[in-house]
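The structure appears below as structure tokens.
The values are calculated or read from the model by the stated rules, or taken from the named source; none is laboratory data. Model, not experiment: these values are computed from the prediction. Quick reminder, even Gly has a Cβ in these numbers, built from the backbone with ideal geometry, and neighbours come from all protein chains shown. All accessible areas refer to the heavy atoms of the entire protein, side chains included, with ligands and DNA or RNA removed. Shrake-Rupley method; radii C 1.70, N 1.55, O 1.52, S 1.80 Å.
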There are 2 protein chains.
Amino acid sequence: MSVPTIKFYVREGLLPPGELTSPNQASYGETHVQRLRLIRALLDVGGLSVAGIRGVIEAIDDPRRPLHTVLGEAADQVVPRYERGDGSGIAEARKRVAELIEARGWRTYEGSPAAESLATALAALEEVGHGRFAEILDAYADAAERVARVDLEYVAHQVAREELVESVVVGTVIGDAVFAALRRLAHVDASDRVFGETP
Amino acid sequence: MSVPTIKFYVREGLLPPGELTSPNQASYGETHVQRLRLIRALLDVGGLSVAGIRGVIEAIDDPRRPLHTVLGEAADQVVPRYERGDGSGIAEARKRVAELIEARGWRTYEGSPAAESLATALAALEEVGHGRFAEILDAYADAAERVARVDLEYVAHQVAREELVESVVVGTVIGDAVFAALRRLAHVDASDRVFGETP
DNA sequence: CGCTATCTGATAGCGCCACTATCTATGATG
DNA sequence: CATCATAGATAGTGGCGCTATCAGATAGCG
């Protein structure tokens, strides 16, 4: 962690500046180190952009912010993936997403970034000729619900607001990476059992 | 989808060149369009790099390749995230991953990219002060296993090798995005029930 | 007290990556 | 036949995450 990098983060608003003890000497505390670790985790493991991290950190640091909107902020920053034009079957995909939300009774506003990114992914699947993937969407949703329930339990253990908020962010962002890796391990296992030659 | 972009993909080896009917006229078929859609899906939704897509496509196009290694190739390209130095508790995290694999009876080689990226994520969680996250790892693994099983069933429906391989790639890469979005929707729902004010 | 090493803040630059603009030669097209 | 689009090649662009450099100021040592 080089000094110029740290100063770059300060400039970018990711890290509060150190307390100046003299015009050319600043002192940094444990909170700075902690914040740096958070930044690196979101950057390296979570794959967020610097701008995205700024948004998340502002949400964390704003004590007026309702708790459950901070989760939204974190989630939104991870998913800046609505490139795909609208020429394609995105409208139909949106409808399917709305139906799923309805069927699940999820309290989500349609048009939320998560819903939008799900629609994008489904539309992409359709375009690539894997529309049948939608058939197993329910199994995915089951698993997601299960994971989300556990996540919430975990997060609820925190008491201090700041810790809670950070838990939410970390859990959301790094949880994705954890699950993706686990899913991959399970794939390798399952694939090996079905197609593999190692008996 | 501009012409120069397509020519760029050809240069990069993502797309086979069109058949030349004359020195300044090439004809592209449905397979080219399909391939382009695949490229865009992996790029926009899957978040792969061009180099990563090249690796995946080479794996798809190589008929000698054992099926279950193609999945590995796709998986490896999605997860180029072992930045985080080794000064941290990565060794301990690796041990925890090995134990998890052992406990699950997963047929995975230790040190696989997925295992490595899981270890990285766990180490990052530890560093950020969320080592307790490991407690809910089993619930994550359960969900991952469940999803992986469904994925394999879905994929096994394909008969032609080429289609099967593409299913695997698409399912692996875009499946991540689908699950992440679903998890986020479920989070919003769960969070709203616990912390929200909308009754 | 002087001298060098080190820190701060500011500005400009670098390297990578996914394109994109421009150029020439060539043949399609009205 | 004149114009215009296309192939292929080379060079350039813009965004992003840093990184190098510079002046000014002071800490710390002899």
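Is it the case, given these coordinates, that A:Val3 is within 15 Å of DNA strand C (Cβ to nearest atom) and more than 9 Å from chain B (Cβ to nearest Cβ)?
yes
Are any residues in the stretch A:10-36 among the basic types (Lys, Arg) and open to solvent by 90 Å² or more (accessible area, probe 1.4 Å), and if so, which ones?
Matches in the stretch A:10-36: A:Arg11 only.
I'm trying to understand the selection: among the residues of the stretch B:176-194, which are basic (Lys, Arg) and modelled with pLDDT of 90 or more?
B:Arg183, B:Arg184
Being facing chain A (nearest Cβ under 7 Å), in contact (Cβ under 8 Å) with a residue 24 or more places away in the chain and of a type in the set (A, V, I, L, M) is the filter here; which residues of the stretch B:165-178 pass it?
Residues satisfying the conditions are B:Val170, B:Ile174, B:Ala177.
Mind checking which residues of the stretch A:155-199 are over 16 Å from the mean Cα position of the chain (by Cα) and aromatic (Phe, Trp, Tyr)?
Residue satisfying the conditions is A:Phe195 alone.
Output the number of residues of the stretch A:53-67 satisfying the condition of being closer than 13 Å to A:Leu38 by Cα and either in a loop (DSSP other than H, G, I, E, B) or within 15 Å of DNA strand D (Cβ to nearest atom) (or both).
Matching residues across the stretch A:53-67 total 4.
Mind counting the residues in the stretch B:141-164 that are facing chain A (nearest Cβ under 8 Å) and either out of contact with any Gly (no Cβ under 7 Å at 6 or more places or on another chain) or free of Cβ contacts under 8 Å to residues at least 12 places away in the same chain (or both)?
14
Inspect the stretch A:116-132 for any residue being more than 8 Å from every other protein chain (Cβ to nearest Cβ), more than 23 Å from B:Gly131 (Cβ to Cβ) and free of Cβ contacts under 8 Å to residues at least 24 places away in the same chain and give the result as yes or no.
Yes, the stretch A:116-132 contains at least one residue that is more than 8 Å from every other protein chain (Cβ to nearest Cβ), more than 23 Å from B:Gly131 (Cβ to Cβ) and free of Cβ contacts under 8 Å to residues at least 24 places away in the same chain.
Looking at A:Leu36, A:Leu15, A:Leu43, which one is within 16 Å of DNA strand C (Cβ to nearest atom), more than 13 Å from the chain's Cα centre (by Cα) and not in a loop (DSSP other than H, G, I, E, B)?
Checking each option against the conditions leaves just A:Leu36.
Does A:Asp138 satisfy the condition of being facing chain B (nearest Cβ under 7 Å) and not hydrophobic (A, V, I, L, M, F, W, C)?
Considered against the rule, which asks whether it is facing chain B (nearest Cβ under 7 Å) and not hydrophobic (A, V, I, L, M, F, W, C), A:Asp138 comes out as no.
Being at pLDDT below 85 and open to solvent by 40 Å² or more (accessible area, probe 1.4 Å) is the filter here; which residues of the stretch A:80-98 pass it?
A:Pro80, A:Arg81, A:Tyr82, A:Glu83, A:Arg84, A:Gly85, A:Asp86, A:Gly87
So B:Thr69 clears everything in (1) within 10 Å of DNA strand C (Cβ to nearest atom); (2) within 13 Å of chain A (Cβ to nearest Cβ) except one condition, right? Which one?
(1)
Kindly indicate whether A:Leu20 is within 13 Å of DNA strand D (Cβ to nearest atom) and free of Cβ contacts under 8 Å to residues at least 12 places away in the same chain.
yes
Within the set of pairs 6 or more residues apart or between chains, which connect a residue that is closer than 14 Å to A:Ala181 by Cβ inside the stretch A:42-54 to a residue that is part of a helix (DSSP H, G or I) with Cβ atoms less than 6 Å apart?
A:Val45/A:Ile174; A:Val45/A:Ala177; A:Val45/B:Ala121; A:Val45/B:Ala124; A:Gly46/A:Val173; A:Gly46/A:Ile174
What is the one condition in (1) modelled with pLDDT under 90; (2) of a type in the set (S, T, N, Q); (3) within 13 Å of DNA strand C (Cβ to nearest atom) that B:Thr21 does not satisfy?
It fails just one condition, (1).
Check whether at least one residue in the stretch A:76-93 is within 7 Å of chain B (Cβ to nearest Cβ), in contact with a Leu (Cβ under 7 Å, 6 or more places away or on another chain) and not in a helix (DSSP H, G or I), and report yes or no.
No, there is no match, as no residue in the stretch A:76-93 is within 7 Å of chain B (Cβ to nearest Cβ), in contact with a Leu (Cβ under 7 Å, 6 or more places away or on another chain) and not in a helix (DSSP H, G or I).
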